[in-house]
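The values are calculated or read from the model by the stated rules, or taken from the named source; none is laboratory data. Values in this document were obtained by computation on a predicted structure and should not be read as measured data. For neighbour counting, all protein chains shown are included, and Cβ atoms are generated from backbone atoms with ideal geometry for every residue, glycine included. Side chains are part of the model used for accessible areas, which takes the heavy atoms of the whole protein and leaves out ligands, DNA and RNA. Shrake-Rupley method; radii C 1.70, N 1.55, O 1.52, S 1.80 Å.
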Amino acid sequence: MARGNLELGVTVGGMPILLRTQDSAFHALLSERYSDFLSGQDQPQFQFDIELTGAPSADPDADVSVTRSGSDWQFRRGDFFAHWDPQAGTGRVRQSANPYAIDSVLRIVHTLLLAREGGFLLHAASAVRDGRAHIFTGRSGAGKTTLSRLAPEDVTLLTDEVSYIRKFASGYTAYGTPFAGELAKAGENTSAPLSAVYLLMQGPENRLEPMDEAEAVRTLMRNILFFAQDEKTVQSVFKSACEFAANIPMYRMIFTRSSQAWDVIGRKRKLEATA
């Protein structure tokens, strides 16, 4: 073990966060895990000091608690405890040496950051084709990973697990994330304007059915990743979902477990281009 702070910046969704640890092995582990998302000269918005506890009884499957006291936040699970002061831009994490702990802390931080600007993390796969991002959500087993595996060569996978959506004056943008799912592979560190969201439903044919706004909002709220036990922040997320559903097309995507499912999206894009 090496003493002294070892640093690495991790930029997800265009938001750089600095991580500091005194453990050289853990630093090397994180550097490999987030290799495609390491910051260059980006000025970090926040920094977290990580202290490894080595607690053998830590339970990564325990429920997550995210609470606020004034402007400060506390995150707690069996394998980590974190304190974050957004105004000071600093935080502390006490955790086991499991990299999934800091992974979870980063997800929580990003959900809170996105809630302030109208974006969110969505339990969904996402990919870029022809310069536009497409997001595929649904219940567990609906086919997100299958559709990701079947993507044609001209498709860039942003994630098979956690889709990152930011709101700008020009519209919504989807970003790649290092938060991997069943493919155990980080997404590409790129972004693209968002075209549509698809609720996956397996069936005997490939087709799209437009969703009305009410159904779209319900679908989003079922799949948005959010952990905070804070009424004001929850209201912000609900407002974000309503605004999103009013501006981004959402479809039920009935599809077969074949690469031909991607043809439906291609046909939709061609229709949009000629409209």
Please find, within the range 128-165, the residue that is farthest from Gln260 (Cα to Cα) out of those that are assigned to a strand (DSSP E or B) and of a type in the set (S, T, N, Q). Ser163
Could you check how many residues of the range 145-180 are small (Gly, Ala, Ser) and surrounded by fewer than 17 Cβ atoms within 10 Å (Cβ to Cβ)? 4
Could you go through the range 115-138 and let me know if any residue there is under 24 Å from Phe75 (Cβ atoms), small (Gly, Ala, Ser) and surrounded by fewer than 24 Cβ atoms within 10 Å (Cβ to Cβ). yes
Which condition number does Gln74 fail, the rest of (1) under 19 Å from the mean Cα position of the chain (by Cα); (2) open to solvent by 40 Å² or more (accessible area, probe 1.4 Å); (3) modelled with pLDDT of 95 or more being met? (1)
For Val197, state whether it is over 22 Å from Val10 (Cα atoms), open to solvent by less than 50 Å² (accessible area, probe 1.4 Å) and either touching a Phe, Trp or Tyr at 6+ places or on another chain (Cβ under 9 Å) or at pLDDT 90 or above (or both). yes
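Just checking, does the range 263-274 include any residue being over 16 Å from His134 (Cβ atoms) and not hydroxyl-bearing (Ser, Thr, Tyr)?
The answer is no, given that none of the residues of the range 263-274 is over 16 Å from His134 (Cβ atoms) and not hydroxyl-bearing (Ser, Thr, Tyr).
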Take the conditions modelled with pLDDT under 95 and within 14 Å of Met253 (Cβ to Cβ) and apply them to Lys185. Does it pass? no
If we ask which residues in the range 87-108 are open to solvent by 50 Å² or more (accessible area, probe 1.4 Å), basic (Lys, Arg) and within 19 Å of Met15 (Cα to Cα), their number turns out to be 1
For Glu51, indicate whether it is in a strand (DSSP E or B), within 24 Å of Glu7 (Cα to Cα) and either open to solvent by 30 Å² or more (accessible area, probe 1.4 Å) or modelled with pLDDT of 90 or more (or both). yes
Among the residues of the range 177-184, are any farther than 27 Å from Glu215 by Cβ and in contact with a strand residue (DSSP E or B) (Cβ under 7 Å, 6 or more places away or on another chain)? yes
Tell me, yes or no, whether the range 221-238 has at least one residue that is touching a Gly at 6+ places or on another chain (Cβ under 7 Å) and either of a type in the set (Asp, Glu) or open to solvent by less than 50 Å² (accessible area, probe 1.4 Å) (or both). no
Of all residues in the range 86-127, count the ones that are part of a strand (DSSP E or B) and under 15 Å from the mean Cα position of the chain (by Cα). 8
Picked from the range 157-203 (must be more than 21 Å from Thr145 (Cβ to Cβ) and charged (D, E, K, R)), the residue farthest from the chain's Cα centre (by Cα) is Lys167
When you scan the range 97-112, do you find a residue that is closer than 18 Å to Val64 by Cα and touching a His at 6+ places or on another chain (Cβ under 8 Å), even just one? no
